[in-house]
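The values are calculated or read from the model by the stated rules, or taken from the named source; none is laboratory data. Worth saying up front: this structure is predicted, and the values here are computed from it rather than measured. Methodologically, a virtual Cβ is constructed for each residue, glycine included, from the backbone with ideal geometry; neighbour enumeration extends over all protein chains shown.
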Ligand SMILES: *Cc1c(COP(=O)(O)O)cnc(C)c1O
C-alpha cells in the first residue's frame, strides 16, 4: 500500500493519489471486478464481520478499485473522506437523505440541476422535510431564510446553465449560524478550479460523469467531507441502500483523473477564448462566463475560482427559432445535454434540461428561449470558432425586434 505525501501538488495527486498495488506490483491501478471476497477461514470471516480486522467483504460497500478512487478524489479535494456512488444524483440523494429526518428544514439555491431541484421540491417534502428556495445571489434572501433553524443548505456554484456565482463564505457563515451543513454541488468548477471546503462548505458532491470521466463513458458520483460524517452517516446509508458504483466505472474514473488537470486547463482556456469571441459576434445578444469582465459576479468568481471553467452560455437573437437554427447549423459541435466532455456539446436548456421547471421558473432564472449552453471540449479552439462562425452566418436575417 502506498499513500502519497498529501503535500504533493494536484497534478501529482491526480496520478498517484490512493494507489494501492496488489502482490503483482502492477503499474496501472488494478480493476477488481468482483462482487465478493473470500476468507481463509470461518474465523477470519467472523473477525471481518465483527470489524476486528480490515478485510474486503462485498462490493456494495467496499472494493479496492473503488477505494483507490475515493482516496484520490479526497486527496485532490482536500477532504478527510469520500464515498463513491453510481451516479451524481445518487451522491446528491445520499448526501442529503443520509442525515435528514422528518421535521428538518432544507434551504436551497433556486438555480439547481433539474434532478436536484426535484429532490428538494418534490421528494423531501413527501418525508415531512420542509424546503425553501432562495435566489442564491441574494445574501438578504439567504439571511431571511436562515433566520430560522435549518439542517441543510444546498447550492451549486457556478450554476447550470446561467453560471450564477454564490458567495460561499458568506452563505456558509449564515448556514452555520442556523445550524445547517452546507452541501455544494461542485460539478461546474471541478475540484481543480474551486475547493468549497476551504470556503466553509461541509460537504461537496460531484457527478463524476462530467469532467472527472470527461470522455463520455461512465456515470459516477461522489460525496466528500469530514471523516466522522462520511464514515458514520453516509457510509451506512450507501452500504444499506445500495447506490454503489461498479468497480469497472470506478476504474475508468481513476484513469480519467490522471488527465483531469490537463483537460480542465485546456477546456477552460478554450472556453474563455470562445466567450470573448462569441461576445463580439453579431447575432449573439449576451454571453455568460464567470471570469469575464461583463459577468455581474466576476469579482466573486475570481475570488473563489482559479479559472472560469469549461462552460459558456450565450443568447442567440431570435428566441427559440434563432437558437434552433444555430444549433442545427453546427457541424463540429454536437447537440447533447451532457457536459464536461472532450467533445464540445451544445444544448438548448429551455427545451431540454430546464423544460420541466416551466416558463415561470425559467424566467426567474433568466433562461430565455434564445439561451444556449456550450460545454467546451478539447478540440482546437480555432476549429470551434470556425464552426460557431459558419453557424452564425447561416442564421436567418431577422428584424431587430424579433
Ligand atoms: C450532471 C449533474 C448532476 C447529476 O449527475 P449524474 O451523474 O447525471 O447523476 C448533478 N449536478 C450537476 C450540476 C450536474 O451537472
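Tabulated results
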item: Condition broken by residue 320, with the remaining ones in (1) closer than 17 Å to residue 395 by Cα; (2) in contact with a strand residue (DSSP E or B) (Cβ under 8 Å, 6 or more places away or on another chain); (3) part of a helix (DSSP H, G or I) satisfied; result: (2)
item: Helices (runs of 4 or more DSSP H) contained in the range 76-156 and holding at least 3 residues crowded, with 21+ Cβ neighbours inside 10 Å and not assigned by TED's automatic domain parsing to the domain that holds residue 355; result: 88-97
item: Criterion (over 30 Å from residue 256 (Cβ atoms) and in a loop (DSSP other than H, G, I, E, B)) met by exactly one of 395, 339; result: 395
item: Exclusive hit being away from the ligand (no atom under 16 Å from the Cβ) and free of Cβ contacts under 8 Å to residues at least 60 places away in the same chain, set 136, 179; result: 179
item: Options 70, 26; residue that is under 26 Å from the mean Cα position of the chain (by Cα) and within 23 Å of residue 246 (Cβ to Cβ); result: 70
item: Some residue of the range 93-100 being more than 30 Å from residue 147 (Cα to Cα), touching a residue at least 12 places away in the same chain (Cβ under 8 Å) and within 14 Å of the ligand (Cβ to nearest atom); result: no
item: Of the criteria (1) within 16 Å of the ligand (Cβ to nearest atom); (2) touching a helix residue (DSSP H, G or I) at 6+ places or on another chain (Cβ under 7 Å), which one residue 174 fails; result: (1)
item: Options 33, 14: the member that is assigned by TED's automatic domain parsing to the domain that holds residue 220, within 25 Å of residue 264 (Cα to Cα) and within 35 Å of the chain's Cα centre (by Cα); result: 14
item: Qualifying residue in the range 340-355 (condition: in contact (Cβ under 8 Å) with a residue 40 or more places away in the chain, over 20 Å from the mean Cα position of the chain (by Cα) and surrounded by fewer than 16 Cβ atoms within 10 Å (Cβ to Cβ)); result: no
item: First in the range 182-195 and not assigned by TED's automatic domain parsing to the domain that holds residue 79, second anywhere and within 13 Å of the ligand (Cβ to nearest atom), Cβ under 6 Å, 6 or more apart; result: none
item: Subset of the range 290-302 (residues that are in a loop (DSSP other than H, G, I, E, B), buried (at least 16 other Cβ atoms within 10 Å of the Cβ) and either without any contact (Cβ under 8 Å) to a residue 40 or more places away in the chain or touching a helix residue (DSSP H, G or I) at 6+ places or on another chain (Cβ under 7 Å) (or both)); result: 290, 291, 292, 295
item: Considering residues of the range 249-282 that are touching a strand residue (DSSP E or B) at 6+ places or on another chain (Cβ under 7 Å) and buried (at least 21 other Cβ atoms within 10 Å of the Cβ) only, the residue farthest from residue 391 (Cα to Cα); result: 250
item: Answer from 239, 273 - the residue that is more than 18 Å from the chain's Cα centre (by Cα), more than 30 Å from residue 369 (Cα to Cα), at pLDDT 95 or above and not in a loop (DSSP other than H, G, I, E, B); result: 239
item: Unmet criterion (only one of (1) outside any loop (DSSP other than H, G, I, E, B); (2) buried (at least 24 other Cβ atoms within 10 Å of the Cβ)) for residue 231; result: (2)
item: The one condition in (1) surrounded by 10 or more Cβ atoms within 10 Å (Cβ to Cβ); (2) free of Cβ contacts under 8 Å to residues at least 60 places away in the same chain that residue 41 fails to fulfil; result: (1)
item: Selection count, the range 67-91, where residues are within 16 Å of the ligand (Cβ to nearest atom) and farther than 20 Å from residue 198 by Cα; result: 9
item: Residue that is farthest from the chain's Cα centre (by Cα) [pool: residues in the range 190-211 that are part of a loop (DSSP other than H, G, I, E, B) and more than 10 Å from the ligand (Cβ to nearest atom)]; result: 200
item: Members of the range 165-177 found to be in contact with a strand residue (DSSP E or B) (Cβ under 8 Å, 6 or more places away or on another chain) and assigned to a loop (DSSP other than H, G, I, E, B), listed by number; result: 166
item: Residue 337 vs. criteria surrounded by fewer than 16 Cβ atoms within 10 Å (Cβ to Cβ), within 16 Å of the ligand (Cβ to nearest atom) and not assigned by TED's automatic domain parsing to the domain that holds residue 133; result: yes
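Yes/no per residue for (1) out of contact with any helix residue (DSSP H, G or I) (no Cβ under 6 Å at 6 or more places or on another chain); (2) within 20 Å of residue 191 (Cβ to Cβ); (3) within 16 Å of the ligand (Cβ to nearest atom):
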{"site": "227", "(1), (2), (3)": "yes, yes, no"}
{"site": "246", "(1), (2), (3)": "yes, no, yes"}
{"site": "259", "(1), (2), (3)": "yes, yes, no"}
{"site": "276", "(1), (2), (3)": "yes, no, no"}
{"site": "288", "(1), (2), (3)": "yes, no, yes"}
